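Here the structure is laid out as structure tokens; the discussion comes afterwards.
The values are calculated or read from the model by the stated rules, or taken from the named source; none is laboratory data. This is a predicted model, so every value here is computed, not measured. Here the Cβ positions follow ideal geometry from the backbone for every residue, glycine too, while neighbour counts run over all protein chains shown.
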Amino acid sequence: MKDMRRCKAKKMVAILMVATLTMASLAGCSSNKKEITSNQTQETTSTDTKAGETADTSTEVRAVMSNEEIVKLAASEGKVGNWGLGNEYEIQALLTKYGQPITYLSQAFDMDGFDDDSITLASAMTYNELGLVKNSYDGAYNYSDTVGTIDMNDEGVAMLEDNIFCTRAFAEQNPNTVKAFIYASMKGWKYACENPEEAAEIVYKYGSSVSAEHQLYMASEVKKLVETDINGNTVTELGKMDEAAMSQTLELAKKYIALDDKAAADKLSKLTLDDVRDTSYWEGATASTDGKFGTPEKASVTIQLKWLPQAQFMGYYVALEKGYYDEVGLEVNVVSGGGDISETTAVSNGTVDFGVTWLANLIAANSGGMDLLEISQVYQRSGLVLVYKLDTFMK
Amino acid sequence: MIKRKKNIFIRFFRNPKVQPFLSVILPVALGVLVFALWQTQILHKILGTDTFTLPLPSQINRIIGDNLPKIMLNVKATVLVAVIGLAIGSFIGYLIAVLATVFPRWGAGGLSIVAAFNAIPIVALAPVMTNWTKDVSSDASVRSMVAKVLVVMIVSIATMSVNAYRGLNNLPEFSLDLMKSYAAKKRVVFFKLRLPNSVPYIFTALRVGVPSSVISAIVSEYFAEYITGVGRQIRENIVIAQYATAWTYIAVACLIGISMYCILMMFEGILLRNRK
Amino acid sequence: MSKAKKIVSSKPFIMLVWVLVLVAIWEMGAANMEKTKRTPENVLPHVSQIVASVFSDKMVSNSQTATQIVWSSAEATLERAFIGFLFGTIFGFLMALLMKLSGLVEKTIFPYLMLIQMIPIIGMAPIILAITHDIGTSRIVIAAILTFYPVATNTLAGLNSVSKEKYELMYSYAASKWTIYRKVLIPSCIPYFFTGLKISAPMAITASILVDTLQGDGGLGCMLSQSLKHAMSIYVFWQIVFFSAFVGILSSVLMGVIEKRVSPHMRADRKRRKKV
């Protein structure tokens, strides 16, 4: 025992060395990398800020490239970003339009990749990521007007996004419930678009968002998507399913949804609009002036959103808050999305009754074997843009 | 004395000649049975699911046949990440266990810290690693690879270090006393007693480590910048509701796991036989 | 031994030093990030910033501070983790006993136990959801599936580690199979069983966080992914990462404490030491 104690003194010295060694073996590689790379990034950021300053003073003198040039340059560098997972079709259509291969980088759900220039042409929703890039509130990147955007609607590759859907079987068995739900939801959307500030507050109360300011920004942007169609015309009948825009979406979907399963791919190529939407429920709902559709077959329903609770879905939260669902005899439970069980799966297996998804995702799901039915198209134009830093794409 | 003990241990572990024969036939028989139930949709009735959520084996088989080159490309990416991560992670893990044995007081504390890495969810680890490795290379495929390997590595370190530490310290009864009575030096105790004693524990760790390295590789692919790998395909297809294709990749993921496990078992057989 | 030495070589002190070393490395990285990134808190914030966010009473959502969010969602997650862990442990232990009882069972199902680990949760989830029809139950089932494997493999290794002499001794006593299990096998597998528990306890927490992300209705995993997706203050993410690591260590330590209390092997050791 005494020997061991004597040894300990020696050991204590050795311990320190070993500690450093172990840590080096653990963290050494990564910290080395950090050191090397920090130098690089330091350089780039310093040039960035310089470029930013000059851009501020001389934007009028130096011209930004055309959209085509921007897309070509970014694609050739392999720095076009999208989240994938069914959100990429519009970007692929745009890349094809300019003769580029349809590969893209997987973009995280933050804009760090755009910020550090690993993605120079990044996907953004006008109401969400674009706001985070431009604005200066908590969690945002404060680029204000030093960024430009490429709008999918202007490029003619727009696909319709947020809708309301359920299974065909559910709609057939519960027509009153479906009409009542559409009626109350549209009432909520109408109120939300007329009072975006109030809607933002309501959503902020229900959700757990970064900031009230971001919700307000989002509400004002979402209002534009709900009230304007892909050609820029004003829409008065909220939630209507515009034939031309839906056909365009279906056509693009058929081109860019790549399915490995031959059976599903065959089914996709044969899909028609009648396989994915039914306008009768929305028409029935809007025809009503008092919201009386007879007793709902199912009074307690749930709707799963496509994403986290935010002003993107303000119509439903407003309808909930203002009691519009109660008025039509429905008890509605809003389930937020963004989880691994996607809204199409949840609706298809009956976990929830209604869902909000992008039309393209619904088309893909039906090709895969689901029988889902769009009953209303809430967003009338695409909210997807590609955002870039102006000074990266100067002539 | 020590050598004889080891022999008994090994002899116990791998019994007579029939055993290897049985250990092939039995699982295969069960597998065939499950496949039969699955293909005839009896399994679907038992589980209360449908052929859409759980596609038939024949359908999966057809999709594999149709997309073999693409699948192999994804398999390569995933296997590379899993194997490299597991190898580096296990090596570091064992090294930590050795250090913890040589310096028991300080090492044990460090070991608990390392084991704590196991408690960090991969879903949190993967995006962090992606962020940290942003500047490793301007090539997205390279830096994604590094990020994924790091995730697998960290997960493997924890498993290996805990098990190896046990193997290095959980010595046969009285063997340490015996070594002391020989006045054996620490170094001798280490190489003649601790090191050989830890070998079966290494394999225990790897048995856990192989499946978890594949899973970690798959989960880290969800968050990687560069789009490739079996995991990414699973996620893409589940999200766009292509269950047949998703299950194809799930089946492929299982195959990767099984093959890696079989290779591990082969190694174990060879290594432990040499010890006789 | 002097007092200072005692403190220096005490376990808490050693742990503290290790933690400080880690913090120092972290801080170095954070300082680097601060210089180079526009939003360093997304990549690597200072420890002080994270600590400050824990104590700050700034509302990050309508009604809760970051810490309140973490606490309130931790409740649901840890409850699920505990239930899943409990079921996983029981199932794992029984599985190991069953496999020990019959070599045929071991050979037949052991490869498949591993196979189940290989199926990514994201693929398993829809099927389990279809069986249970309830997302909460599905989460517990998945957490249990993810945790039982280390328990099963480790316990089995323990059962297999019993030396032949012990068997021979028991046979010479004409002990029944039941007695052999009670007196020899189960006591000797306890340390291995606890190794399994020490691995699977943090895994249960990890798994529980992972399955939170299946659907967006509360829990640490949900908040973690929302925070990662920048729908919430990023500090919620960092807090959860540290919280889960901390709870993970705690759960592992807790298993160690329980081991010391219940393990006959340790009790025997203590007795022997007293005699000597």
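Anything in the range A:303-336 that is under 30 Å from B:Asp50 (Cα atoms) and in contact with a Pro (Cβ under 9 Å, 6 or more places away or on another chain)? List them, or say none.
A:Val334, A:Ser336 - these are the residues of the range A:303-336 that are under 30 Å from B:Asp50 (Cα atoms) and in contact with a Pro (Cβ under 9 Å, 6 or more places away or on another chain).
Does the range B:183-194 contain at least one residue that is within 23 Å of B:Ile227 (Cβ to Cβ), within 14 Å of chain A (Cβ to nearest Cβ) and either buried (at least 20 other Cβ atoms within 10 Å of the Cβ) or among the charged types (D, E, K, R) (or both)?
Keep residues of the range B:183-194 that are within 23 Å of B:Ile227 (Cβ to Cβ), which gives none.
The answer is no, given that none of the residues of the range B:183-194 is within 23 Å of B:Ile227 (Cβ to Cβ), within 14 Å of chain A (Cβ to nearest Cβ) and either buried (at least 20 other Cβ atoms within 10 Å of the Cβ) or among the charged types (D, E, K, R) (or both).
Among the residues that make up the range A:169-191, is at least one of them within 30 Å of A:Leu386 (Cβ to Cβ) and part of a helix (DSSP H, G or I)?
The answer is yes, given that some residue of the range A:169-191 is within 30 Å of A:Leu386 (Cβ to Cβ) and part of a helix (DSSP H, G or I).
Only one residue in A:Gly188, A:Gly148 is assigned by TED's automatic domain parsing to the domain that holds A:Glu88, under 23 Å from the mean Cα position of the chain (by Cα) and not charged (D, E, K, R), so which one is that? Steps first, answer last, please.
Details: A:Gly188 fails: assigned by TED's automatic domain parsing to the domain that holds A:Glu88.
Exactly one residue qualifies, and that residue is A:Gly148.
Scan A:Ala108, A:Ala180, A:Ala184, A:Ala124 and give me the residue that is touching a Pro at 6+ places or on another chain (Cβ under 6 Å) and either within 14 Å of chain C (Cβ to nearest Cβ) or crowded, with 23+ Cβ neighbours inside 10 Å (or both). Don't jump to the end; show me each part of the working.
On the way: A:Ala108 fails: touching a Pro at 6+ places or on another chain (Cβ under 6 Å); A:Ala184 fails: touching a Pro at 6+ places or on another chain (Cβ under 6 Å); A:Ala124 fails: touching a Pro at 6+ places or on another chain (Cβ under 6 Å).
Every option except A:Ala180 fails the conditions.
Conditions: (1) of a type in the set (A, V, I, L, M, F, W, C); (2) more than 8 Å from every other protein chain (Cβ to nearest Cβ); (3) within 21 Å of C:Leu197 (Cβ to Cβ). B:Ala217 meets all but one. Number of the miss?
So B:Ala217 meets the others, but not (3).
Name, by its number, the condition in (1) in contact with a Gly (Cβ under 8 Å, 6 or more places away or on another chain); (2) over 30 Å from C:Gly158 (Cα atoms) that does not hold for C:Lys11.
Status for C:Lys11: all satisfied but (2).
Condition check ((1) surrounded by fewer than 20 Cβ atoms within 10 Å (Cβ to Cβ); (2) modelled with pLDDT under 90) across all residues:
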{"residue": "C:Phe82", "(1), (2)": "yes, no"}
{"residue": "C:Phe91", "(1), (2)": "yes, no"}
{"residue": "C:Leu94", "(1), (2)": "yes, no"}
{"residue": "C:Gly103", "(1), (2)": "yes, yes"}
{"residue": "C:Thr108", "(1), (2)": "no, yes"}
{"residue": "C:Tyr112", "(1), (2)": "yes, yes"}
{"residue": "C:Ile122", "(1), (2)": "no, yes"}
{"residue": "C:Pro126", "(1), (2)": "no, yes"}
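B:Ile240: closer than 29 Å to C:Ala125 by Cβ and without any contact (Cβ under 8 Å) to a residue 12 or more places away in the chain, yes or no?
yes
For the range C:222-242, which residues satisfy the criterion of being more than 7 Å from every other protein chain (Cβ to nearest Cβ), farther than 20 Å from A:Met111 by Cα and either surrounded by fewer than 24 Cβ atoms within 10 Å (Cβ to Cβ) or of a type in the set (Ser, Thr, Tyr) (or both)?
C:Phe242
Mind checking whether some residue in the range C:58-74 is among the aliphatic types (A, V, I, L, M) and over 29 Å from A:Ala212 (Cβ atoms)? Give the derivation first.
Quick first cut of the range C:58-74, residues among the aliphatic types (A, V, I, L, M) only: C:59-60, C:66, C:69-70, C:74.
Those still in the list that are over 29 Å from A:Ala212 (Cβ atoms) too: none.
No: the range C:58-74 contains no residue that is among the aliphatic types (A, V, I, L, M) and over 29 Å from A:Ala212 (Cβ atoms).
Can you tell me which residue within the range C:170-182, out of those that are surrounded by 14 or more Cβ atoms within 10 Å (Cβ to Cβ) and part of a helix (DSSP H, G or I), is farthest from the other protein chains (Cβ to nearest Cβ)?
C:Tyr181
What number of residues within the range A:232-253 are more than 14 Å from chain B (Cβ to nearest Cβ) and touching a residue at least 60 places away in the same chain (Cβ under 8 Å)?
13
For the range C:15-30, does any single residue satisfy the condition of being free of Cβ contacts under 8 Å to residues at least 24 places away in the same chain, within 12 Å of chain B (Cβ to nearest Cβ), in contact with a Ser or Thr (Cβ under 8 Å, 6 or more places away or on another chain) and of a type outside the set (A, V, I, L, M, F, W, C)?
yes
Is it true that some residue in the range B:216-224 is part of a helix (DSSP H, G or I), touching a residue at least 24 places away in the same chain (Cβ under 8 Å) and of a type in the set (Asp, Glu)?
The answer is yes, given that some residue of the range B:216-224 is part of a helix (DSSP H, G or I), touching a residue at least 24 places away in the same chain (Cβ under 8 Å) and of a type in the set (Asp, Glu).
Go through the residues of the range B:187-199 one by one and say whether even a single one is of a type in the set (S, T, N, Q) and either within 20 Å of B:Leu264 (Cβ to Cβ) or under 10 Å from the mean Cα position of the chain (by Cα) (or both).
Among the residues of the range B:187-199, at least one is of a type in the set (S, T, N, Q) and either within 20 Å of B:Leu264 (Cβ to Cβ) or under 10 Å from the mean Cα position of the chain (by Cα) (or both), which makes the answer yes.
Within the range B:126-147, take every residue that is more than 8 Å from chain C (Cβ to nearest Cβ), in contact with a Leu (Cβ under 9 Å, 6 or more places away or on another chain) and not small (Gly, Ala, Ser) and give me the one that is farthest from A:Lys79 (Cα to Cα).
The extreme case among them is B:Met129.
Among the candidates B:Ala246, B:Ala241, which residue alone is within 11 Å of chain A (Cβ to nearest Cβ), out of contact with any strand residue (DSSP E or B) (no Cβ under 7 Å at 6 or more places or on another chain) and part of a loop (DSSP other than H, G, I, E, B)?
Numbers: B:Ala246 fails: part of a loop (DSSP other than H, G, I, E, B).
Result of the check over B:Ala246, B:Ala241: B:Ala241.
Give the residues of the range B:43-66 that are modelled with pLDDT of 90 or more and either part of a helix (DSSP H, G or I) or of a type in the set (D, E, K, R) (or both), sorted by residue number.
B:Pro57, B:Ser58, B:Gln59, B:Ile60, B:Asn61, B:Arg62, B:Ile63, B:Ile64, B:Gly65, B:Asp66
Please enumerate the residues belonging to the range A:322-352 that are surrounded by 20 or more Cβ atoms within 10 Å (Cβ to Cβ) and among the acidic types (Asp, Glu).
Hits for the range A:322-352 are A:Asp340, A:Glu343.
Which one is farthest from the other protein chains (Cβ to nearest Cβ), of the residues in the range A:79-104 that are more than 14 Å from B:Glu236 (Cβ to Cβ) and in a helix (DSSP H, G or I)?
Only one residue fits best here, namely A:Lys97.
Condition check ((1) over 21 Å from the mean Cα position of the chain (by Cα); (2) farther than 24 Å from A:Glu198 by Cβ) across all residues:
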site	(1), (2)
A:Lys224	no, no
A:Met241	no, yes
A:Met246	no, yes
A:Tyr256	no, yes
A:Asp260	yes, yes
A:Ser280	yes, yes
A:Ala287	yes, yes
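Against the conditions (1) within 11 Å of another protein chain (Cβ to nearest Cβ); (2) crowded, with 21+ Cβ neighbours inside 10 Å; (3) hydrophobic (A, V, I, L, M, F, W, C), where does B:Phe174 fall short? Just the number, please.
Here B:Phe174 meets the rest and fails (2).
Quick one: which residue in B:Glu173, B:Glu268 is more than 30 Å from A:Gly337 (Cβ to Cβ) and assigned to a loop (DSSP other than H, G, I, E, B)?
After ruling out the rest, the residue left standing is B:Glu173.
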